[in-house]
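A quick write-up on the structure given underneath.
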Amino acid sequence: MPVYKRILLKLSGEALSGEHGSVFDSDAITSLCNQIRTVHDLGVETAVVVGGGNIFRGLKASHDGMNRVTADSMGMLATMINGLALQEGLERTGIESRILSSRAVEELTEPFNQRYAIQYLEQGNIVIFVGGTGNPFFSTDSAASLRAAQIRADVVLKGTKVDGVYDSDPVTNHSAKKFDTITFNEVLNRDLLVMDATAIAMCRENNIPIVVFNLIKEGTLIRAINGEPVGTVVKENVNG
């Protein structure tokens, strides 16, 4: 039984590229859309923010010498391409979806509008947010927290390739400790790589918990929706 009525699912661009590192992987997209369909069929209002890292990373390009504003604009365009790919995959499963963009792209997306976004969710559409916040210097994590607050989501679900938040990198440190729950302040104080500081602070200010979990494992999304102990829960009070 779902414990959330309305969710914001944050996906990296790599979620669409599968395990082989291609830009798009049909099997990965199909699996992802089937998981979203399962949640949708339970009556959970579902919004998605998708990154663009499988296509272009603005921050990396800026470190390589590109103007940061130009690089971030290119990254925003990459999220729009991923949004279209996700929409096409969802429609193959029979779900209607709407793409709302912070940057205008006529005939492909609709401009972001808070009222319309909530109306679409209430009507049973999956709403896909693309274009980040519409501004440079902000990550898609920040965009996810912003959109979650705007649509009054009950939770941000961050699907990753790891099964939660650790006190150090579990790839390089096999003794790394995984947290079942952790507070927003502790994440910020420890500088843990959950989401960027702006995103964490925004969720804290709006009292929106974050669940970090391994999306690649089949069935983890629905378990997270049902409130089962999956991944790590970041919230205001670990005792609450």
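The values are calculated or read from the model by the stated rules, or taken from the named source; none is laboratory data. Source: prediction; values computed, not measured. Every residue, glycine as well, gets a Cβ built from its backbone with ideal geometry; the counts of neighbours run over all protein chains shown.
Got a sec? Which of Ser31, Ser73 is surrounded by 14 or more Cβ atoms within 10 Å (Cβ to Cβ), more than 23 Å from Thr133 (Cα to Cα) and among the hydroxyl-bearing types (Ser, Thr, Tyr)?
Just a single option satisfies the conditions, and that option is Ser31.
Could you pull out the residue among Ser22, Ser31 that is assigned to a loop (DSSP other than H, G, I, E, B), more than 15 Å from the chain's Cα centre (by Cα), modelled with pLDDT under 95 and hydroxyl-bearing (Ser, Thr, Tyr)?
Matching residue, one of Ser22, Ser31: Ser22.
Would you be able to tell me the number of residues in the stretch 183-200 that are more than 11 Å from Glu236 (Cβ to Cβ) and either touching a helix residue (DSSP H, G or I) at 6+ places or on another chain (Cβ under 7 Å) or not in a helix (DSSP H, G or I) (or both)?
12
I want to confirm something. Restricting to the stretch 205-221 and keeping residues that are assigned to a helix (DSSP H, G or I) and out of contact with any Leu (no Cβ under 8 Å at 6 or more places or on another chain), which single residue is modelled with the highest pLDDT?
Glu205
Looking at the stretch 15-28, which of the residues that are of a type in the set (D, E, K, R) and surrounded by fewer than 17 Cβ atoms within 10 Å (Cβ to Cβ) is farthest from Val127 (Cα to Cα)?
Within the stretch 15-28, the match that is farthest from Val127 (Cα to Cα) is Glu19.
Given the conditions (1) closer than 22 Å to Asn226 by Cβ; (2) modelled with pLDDT of 95 or more; (3) touching a strand residue (DSSP E or B) at 6+ places or on another chain (Cβ under 7 Å), report the number of the one that Gly83 does not fulfil.
The single condition Gly83 does not satisfy is (1).
Would you confirm, using the coordinates I've provided, whether Leu215 is of a type outside the set (Val, Ile, Thr), in contact (Cβ under 8 Å) with a residue 12 or more places away in the chain and under 14 Å from Leu9 (Cβ atoms)?
Taking the combined requirement at face value, the residue satisfies it.
Against the definition (touching a residue at least 24 places away in the same chain (Cβ under 8 Å) and part of a loop (DSSP other than H, G, I, E, B)), how does Arg103 come out, yes or no?
Answer is yes for this residue.
What pairs can you find where one residue is in the stretch 125-154 and within 25 Å of Arg68 (Cβ to Cβ) and touching a residue at least 60 places away in the same chain (Cβ under 8 Å), the other is β-branched (Val, Ile, Thr) and surrounded by fewer than 19 Cβ atoms within 10 Å (Cβ to Cβ), and their Cβ atoms are less than 6 Å apart, with a gap of 6+ or different chains?
Pairs found: Pro136/Val69; Ser142/Thr198.
Tell me yes or no: at least one residue of the stretch 51-61 is at positive phi and assigned to a loop (DSSP other than H, G, I, E, B).
no
Can you find, within the stretch 164-182, the residue that is modelled with the lowest pLDDT among those that are in a loop (DSSP other than H, G, I, E, B) and closer than 27 Å to Glu205 by Cβ?
Among them, the one singled out is Asp167.
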